[in-house]
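Have a look at the structure below, then the notes.
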Amino acid sequence: MTKKIVVIGSGFGGIAAALRARKKGYEVTLIEKHGDLGGRARVFKKNNFIYDGGPTVITAPYLIYELFELFGKNHKDYINIKPLKIWYRFVFEDNSYFDYSDNEAEMQKQIQKINEIDFIGYKKLLSFTKKIFEKGFTELSDVPFDKPIFMLKQLPALLKLKSYKSLFSLVSSFIKNEKLRRVFSMHPLLVGGNPFTTTSIYGLILYLEKKWGIHYSMGGTGKIIESLEKLMNEVGIKIIKKNEVVKILNEGINIKGVKLKNNQEIKTQHIICNADPPFVYEKLFEKKVSNLFFNLKKSRMDYSMGLFVLYFGTKKKYKNIQHHTIKFGKKYKEHLEDIFENKKLNEDISYYLHRPSATDTSMCPDNHDCFYVLVPVPNNSSFIDWKNEGEKMKNLVVEKMEKDLMPGLKENIVEDFYLTPDYFEKELNTKYGSGFSIQPKFSQSAYFRYHNQSEIYKNLYFVGAGTHPGAGVPGVLSSAKILDKIL
Ligand SMILES: Cc1cc2nc3c(=O)[nH]c(=O)nc-3n(C[C@H](O)[C@H](O)[C@H](O)COP(=O)(O)OP(=O)(O)OC[C@H]3O[C@@H](n4cnc5c(N)ncnc54)[C@H](O)[C@@H]3O)c2cc1C
């Protein structure tokens, strides 16, 4: 008899898991709360402007291609993913900038322009992150971490790689200049962590970028989601949209099915959750099974920062703005402490600006530009009232961008809208509205993260940002590969 499996949620992790389960012969039903797929990678279309909601930087694209190859399809018939020449432009408070790319000669120039001697340190840092990459990504990113003995076996190697250090501290041991230290240690922010507290294991992202490059999906990241939806339809996955799972039905540790918002019940003994693990464990079980150790683990978790994202279109083309720009505020460390520890807003913001129309004119009307600007903010454990603060934050970031990078911005914006941590909490069912689920600290990584195979319930599985290996498109696609092995 064909086994049935239900997937809750259609983020990259949920879609990849649905495809992998289908390939294994399961009868798969994927249920998504919203009328469109993608979760954080949803697309917002307004007045001929196309805004990717979340992921814009595509790394390790082979993980996406694999999903097409599983069914003997050629990804080129579905998507067009192109490498970018300049990966990020980092802009500092004094308006100096650093263009990050994989062109070694250009990197040497860029680094030496800021600090002559740091090029040697950069080379050494790169070879150290290669070692971290070989352990943390090649060896461990797609294997289950459900057994303490397996974690124990990894500890000596992880200690040798100095995983007890924060990434900022590791980078500082190679790089002397403060600006360059920020550049080479910012990667945890891409997966929800503070560079000053995130384990240096995440330095592997530096090498991962180097190995495969940074890419853009023509038509936007949403094109990948659209193509994966097409693939799911072609291979017989049933997709239910605009219908939320409101209960997981269980008897003790055994799964019996799910109940949807429209009261429909679907019987199944196997569930893959792409919804945030704390939400699933706290809100979806009718008859919770309690476990002291697991409750302790759950209660000590720290959550990633929240995100304020302003999407906007301009009637002017800002040709000097790169595809990806990161603008640092003045007091970087203190600002991050305010976000992660003190949970308060301050005006000295750092932000990431996305301009897809730098690469792809199909994203907006002719002679226009489209953007989003993302500002890390405290998550909703801060009790910040975003109904009041949202508009203030919008004005602040527009003012900063106008002053820093885009003259005349205010009068050139033709439309805008924004998302706050409230969206992530209420619409995406993420605890505290955190942008990336739980933080990527050492004490919340691998075995210490939510397991891919539930610690409590039989045949309940997790993929996505909150489980191993963690957030980011490569991370959540790897979680589906782990599930493939578990199934
Ligand atoms: C603004 C932003 C920018 C980012 N930029 C990048 C980037 O450039 N590169 C990168 O690699 N990563 C980036 N990330 C991170 C990356 O997008 C995420 O880590 C990843 O997409 C999360 O995928 P996921 O599988 O965890 O699912 P999610 O995207 O979190 O989706 C979960 C889905 O589950 C659904 N759901 C929840 N509960 C239920 C329920 N009860 N019933 C039915 N459905 C339910 C939700 O509606 C949602 O669709 C970014 C994230 C954000 C927010």
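When you filter the GluC sites (Glu not before Pro) in region 291-394 for DSSP loop state and at most 13 other Cβ atoms inside 10 Å of their Cβ, you are left with Glu347. Taking a ≥ b ≥ c as the square roots of the Cα gyration tensor eigenvalues, region 217-334 comes out oblate, since a/c reaches at least 1.5 and a/b does not exceed b/c. Partners of Lys130 within straight-line reach, counting lysines whose Cα lies under 19 Å from its Cα and excluding those fewer than 8 residues away in the same chain: Lys160, Lys162, Lys165, Lys210, Lys211. Cβ distances below 4.7 Å define possible disulfide partners, and in the chain the cysteines left without one are Cys273. Placing +1 on the Cβ of every Lys and Arg and -1 on the Cβ of every Asp and Glu, with nothing else charged, gives region 107-214 a dipole about its Cα centre of roughly 340 debye. Each of Asn274, Tyr88, Ile111 was placed along the dipole of the chain (beta-carbon charges, centred on the mean Cα), and the one lying farthest toward the positive end is Asn274. Structural descriptor for the chain: relative contact order 23 percent, calculated from alpha carbon pairs under 8 angstrom and at least 6 residues apart.
Name the chymotrypsin sites (Phe, Trp or Tyr not before Pro) in region 53-109 that are in a loop by DSSP and that have at most 15 other C-beta atoms within 10 Å, would you? Of the chymotrypsin sites (Phe, Trp or Tyr not before Pro), the ones in loops of region 53-109 whose Cβ has at most 15 other Cβ atoms within 10 Å are Phe71.
Simple rule: put +1 on each Lys or Arg Cβ and -1 on each Asp or Glu Cβ in region 305-368, find the dipole, and look at Thr361, Phe308, Ser350; the Cα lying farthest toward the positive end is Thr361. In this structure, Asn103 and Lys124 have a Cβ-Cβ separation that, at R0 = 22 Å, corresponds to a calculated FRET efficiency of about 0.70. Pairs of alpha carbons in the chain separated by more than 42 Å make up 13% of all such pairs. Positive-end ranking of Leu405, Ile214, Leu70 along the dipole of the chain, with charges on Cβ about the Cα centre, is headed by Leu70. Only helical runs count toward this figure. For the chain, summing -39,500 (n - 2.57) over DSSP H runs of n ≥ 4 and dividing by all residues gives -9500 deg cm²/dmol at 222 nm. Electrostatic tally near Tyr311: other residues with Cβ closer than 13 Å to its Cβ, Lys and Arg +1, Asp and Glu -1, net +1. When the GluC sites (Glu not before Pro) in region 26-124 are filtered for DSSP coil states and for at most 13 other beta-carbon atoms within 10 Å of their beta-carbon, the remaining sites are Glu116.
Charge tally around Glu66: other residues with Cβ under 12 Å, Lys/Arg +1 each, Asp/Glu -1 each, net +1. Amide H contacts for Asn250 (H built 1.01 Å from N in the peptide plane; partners 5 or more residues away or on another chain; cut-off under 5 Å): Lys256, Glu286, Lys287. Over region 107-214, Cα pairs under 8 Å with separation of 6+ residues give a relative contact order of 35 percent. Peptides 465-473, 436-444 ranked from most to least packed give 465-473, 436-444, packing being the mean of other C-beta atoms within 10 angstrom over each peptide's residues.
Taking the Cβ of Lys256 as the centre, find all other residues whose Cβ is under 12 Å away and add up their charges (Lys, Arg: +1; Asp, Glu: -1). After counting each charged neighbour, the total is +3. Evaluated with a Cβ-only charge set (Lys, Arg +1; Asp, Glu -1), the chain carries a dipole of roughly 1180 debye about its Cα centre, given to the nearest 20. Under a model in which nothing but the beta-carbon of Lys, Arg (+1) and Asp, Glu (-1) is charged, region 1-99 shows a dipole of about 500 debye around its Cα centre. Averaged over residues, the count of other Cβ atoms within 10 Å places the peptides 299-306, 195-202 in the sequence 195-202, 299-306, highest first. Peptides 451-463, 280-292 ranked from most to least packed by the mean count of surrounding Cβ atoms within 10 Å: 451-463, 280-292.
Within the straight-line cut-off of under 22 Å between alpha carbons, the lysines reachable from Lys24 are Lys3, Lys4, Lys73, Lys230, Lys238, Lys256, Lys267, Lys458, Lys481, Lys485, sequence neighbours fewer than 8 places apart in one chain being disregarded. Judged by the ratio a/c of the largest to the smallest principal axis of the C-alpha gyration tensor, region 274-342 counts as oblate, that ratio being 1.5 or greater while a/b is no larger than b/c.
We did not get these values from a lab; they are worked out from the coordinates using the rules stated. From a predicted model like this one, the values you see are computed outputs, not experimental measurements. Please note: Cβ atoms are built from the backbone with ideal geometry, for glycine as well, and neighbour counts cover all protein chains shown.
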